[in-house]
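The values are calculated or read from the model by the stated rules, or taken from the named source; none is laboratory data. Being a predicted model, the structure only gives us computed values, none of them experimental. With ideal geometry, Cβ positions are generated from the backbone for all residues, glycine too; neighbour counts draw on all protein chains shown.
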Amino acid sequence: MQMLANLMSILIVASPFAIFAMAGLFWKSSPLKGSTLWILALSVIVTYGLYIGHAVVSQKVADIKMGGFDLDQDGNISTNEETSAYSEALNRWSHDTGRTLAIYFGWFVALTLNGIALCIYWPVVSLLKALRLRVACERTLDR
């Protein structure tokens, strides 16, 4: 479960760049061709979904870790099961507001990451189009 949470963390950061890269390759045959706004909207929604999914998986991981302190598996932590490790884990679990506020911060994260990806995507695509045009012009002049 923890490995899934780690993988989702990587996907959250990489998804805007991957979506913009794939859009550059496959978007040309789409009826929405040339609309960066559609690509950006799709990318923001996917990134936000991954962020919320990461919060859900992280909550499940935390619940599993907290359940590991229930030695008699009755669903409650009794006084004889409370240890210093349990107290420390409970303190970390109760002070982690990131999972609770993920619904709100997810939009900020998604918009920020996609803004960064767009700032990289736009100049790269413009540069590639200029290079392609220059190569095409040189080929026609050589004929």
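Taking region 46-67 only, how many residues are in contact with a helix residue (DSSP H, G or I) (Cβ under 8 Å, 6 or more places away or on another chain) and either surrounded by fewer than 17 Cβ atoms within 10 Å (Cβ to Cβ) or of a type outside the set (S, T, N, Q) (or both)?
Residues that pass the stated criteria total 13.
Could you identify the single residue in 44, 61 that is at pLDDT 85 or above and either touching a strand residue (DSSP E or B) at 6+ places or on another chain (Cβ under 9 Å) or under 23 Å from residue 6 (Cα atoms) (or both)? Give the derivation first.
On the way: 61 fails: at pLDDT 85 or above.
Checking each option against the conditions leaves just 44.
When residues of region 118-143 are filtered for being among the hydroxyl-bearing types (Ser, Thr, Tyr) and exposed (fewer than 10 other Cβ atoms within 10 Å of the Cβ), how many remain? Let's see the steps before the verdict.
Restricting attention to region 118-143, the residues satisfying the condition of being among the hydroxyl-bearing types (Ser, Thr, Tyr) are 121, 126, 140.
Pick out the ones that are also exposed (fewer than 10 other Cβ atoms within 10 Å of the Cβ) and you get 140.
Matching residues across region 118-143 total 1.
Looking only at region 124-140, decide whether some residue is within 27 Å of residue 3 (Cα to Cα) and part of a helix (DSSP H, G or I). Write out each step before concluding.
Going through region 124-140, the residues within 27 Å of residue 3 (Cα to Cα) turn out to be none.
Taking every residue of region 124-140 in turn, none turns out to be within 27 Å of residue 3 (Cα to Cα) and part of a helix (DSSP H, G or I).
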Go through region 90-117 and count every residue that is surrounded by 14 or more Cβ atoms within 10 Å (Cβ to Cβ), assigned to a helix (DSSP H, G or I) and at pLDDT below 85. 2
